[in-house]
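Below: one structure in C-alpha cells.
Nothing in this text is a laboratory measurement; each read-out follows from the coordinates by a stated rule. Remember, it's a predicted structure, so these values are computed and weren't measured experimentally. Cβ: placed from backbone, ideal geometry, glycine included. Neighbour counts: every protein chain shown.
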Ligand code: KG4
Ligand code: ZN
C-alpha cells in the first residue's frame, strides 16, 4: 500500500511516499528555519506564509522523487498531521490533504504528530521494533514517555511539567549566544571542548532524576545556566564548556528516566523520537548504559533526518493505524495531546 504523508505542523513543509509503512520511496522537506534564526525562535505568521508557498511544490517533488509512480493518482491513501502544532501552519497541510482526497477520491487518515515521531523507527530498517516498547518523545515542544503495547495501544507514563528538552536546548543556546535551533548549536559547541571537563566541575542540576516518577522538568536548568553565564571571565570559551555541560545534564535525565521505565515495564524495545533524538551524545549514552544495564533491550534511534519533522513518519503511522475518516470530518487541532 502506498501512502502519501503530509506534515505542516510547525516550520517544516513536508511530503513523503511510504510503501507498507516501512519502505521510504521519497521524502521532501522545505524548512523556514533560516527566517526563524533571525528572531531566535519560530515566528508563527512567517511559518504559515512559508507553508502556503511550499506545500504544492513539496508534494509534487515527493511524487516525482519516488521513481516508481508517475502521478498522485497511483497512491492508495493520504495521511496528514492534524495536530498538535501552530494552527496557521497545520491548516495549510490539512486543507491541502482534504482537497487531494476529494479530487483523487482516496481515503484520508488524520495523524497525531507526536505519535508519528515514533514511527521513524519502522522506516528503512532491517529489523522492526518489537512490542511492548518504551517510547521517549523529545522534541522542541514535548518530552514524554509512553508504554506502547501495540500499534494504537499506548499508556502515557509521564512528561515534562514545564519546558521540553528541546526547548531547554533552544533557550540555553540563546543565553549563550549560540543561535537557533539550539540543539544542533549546543551539540556542535560541546564537541569542540577538549579535553572534556570532569563531571564535578560546573555541575548543572539533573532535575527530577531522584524522583520515583516519569516526569521531567527543564526550566530550572535554564535558570542555572543563566547564573553560570554571569560568573565567567572568558565568555567564548565558557560558552562552549557550558554547552557541553548542558548537553550532559539534559541527556543524563532523558536516558536515565527512559531506562528506568524500560526496567520497570520489562519491555523488549526502546524507541527514541523527536528532534532531540538527533543528538549524538544522547544516542551514545543510551547505547553505553543499555549495554551495561539492559543488554537484551533493543534500541532504536532513527537517523537525524527522520528524527526531526518529516512526512515519512506520518505516512508510516497511518499504515500501522489505518483508520480513514471522511474528509469532511478532518479538522486541524492545534492542542491535540498524546
Ligand atoms: O521534532 P522537532 O523537529 O520539532 C518539533 O516537533 O518540536 O524538534 C525540534 C527540536 C528543537 O528544539 C531542536 O533544538 C532539537 O529538536 N534538536 C536537537 C538536535 N537537533 C534538533 N537537540 C539536540 N541535539 C540535536 N542534534
Ligand atoms: Zn515534531
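Taking the Cα centroid of the stretch 88-154 and of the stretch 8-67, what is the distance between the two, rounded to the nearest whole Å?
Comparing the Cα centres of the stretch 88-154 and the stretch 8-67, I get a distance of 15 Å.
Among DSSP beta bridges lying fully in the stretch 47-173, give the percent that are antiparallel, nearest 5. Please list the in-between numbers first.
Values: 12 of 17 bridges.
Restricted to the stretch 47-173, the bridges split so that about 70 percent are antiparallel.
Shifting gears a bit: Nearest 10 degrees, 0 to 90: what angle lies between the long axis of helix 44-65 and the longest principal axis of the chain (Cα atoms)?
The angle comes out near 60 degrees.
I'd like the orientation of helix 165-175 relative to the chain: the angle between its Cα long axis and the longest Cα principal axis, in ° from 0 to 90, rounded to 10.
60
Could I ask something else about it? What whole-number value in cubic angstrom gives the convex hull volume per residue for the C-alpha atoms of the stretch 235-338?
Details: hull volume 16.6 nm³, N = 104.
That works out to 160 Å³ per residue.
Follow-up question, since we're still on this one. Sort 238, 68 by Cβ crowding within 10 Å, fewest neighbours at the top. Present the calculation step by step, with values, prior to reporting the outcome.
Values: 238 17, 68 10.
Placing the least packed residue first, the sequence is 68, 238.
OK, next. Where q = 0.15, 0.17, 0.24, 0.29 Å⁻¹, what log10 of I(q)/I(0) comes from the Debye formula for the stretch 84-149, counting one point per Cα?
-0.69, -0.82, -1.06, -1.23
Calculate how many DSSP beta bridges within the stretch 1-118 are antiparallel, expressed in % of all such bridges and rounded to the nearest 5.
Values: 14 of 23 bridges.
Once the DSSP bridges in the stretch 1-118 are tallied, antiparallel ones form about 60 percent.
Let me ask you something else. Under a point spin-label approximation (7 Å from Cα along Cα-to-Cβ), what is the residue 192-residue 124 distance to one decimal in nm?
The two pseudo-label positions are separated by 3.1 nm.
Here is a further query. Taking a temperature of 25 °C and a viscosity of 0.890 mPa s, what whole-number D in µm²/s does Stokes-Einstein yield for the stretch 1-142 with Rh from Kirkwood over alpha carbon pairs? Let's see the in-between values first.
Details: Rh = 15.7 Å.
Roughly 156 µm²/s, to the nearest whole number.
Give the angle, between 0 and 90 degrees and rounded to the nearest 10, that separates the Cα long axis of helix 280-293 from the longest principal axis of the Cα atoms of the chain.
Helix 280-293 sits at roughly 80 degrees to that axis.
Here's another thing I want to ask about it. What is the distance in Å between the Cα centres of the stretch 296-338 and the stretch 68-83?
Using only Cα atoms, the two centres lie 14 Å from each other.
Counting other C-beta atoms within 10 Å, which of 154, 119, 265 has the fewest, and how do the rest follow? Each step should come with its number before you reach the end.
Working: 154 18, 119 29, 265 14.
Ranked by crowding around the Cβ, least crowded first: 265, 154, 119.
Still on this structure, please answer the following. So for the chain: antiparallel DSSP bridges make up what percent, rounded to the nearest 5? Show your work: numbers first, answer last.
Numbers: 26 of 44 bridges.
Bridges in the chain that DSSP calls antiparallel: roughly 60 percent.
Report the convex hull volume per residue for the chain, counting only C-alpha atoms, in Å³. Provide the component values of the computation, followed by the final result.
Details: hull volume 43.6 nm³, N = 338.
Residue-normalised Cα hull volume stands at 129 Å³.
Here is a follow-up. Using Cβ counts within 10 Å as a stand-in for footprinting exposure, how do 292, 142 rank, fewest first?
Numbers: 292 8, 142 23.
Starting with the residue having the fewest Cβ neighbours, the order is 292, 142.
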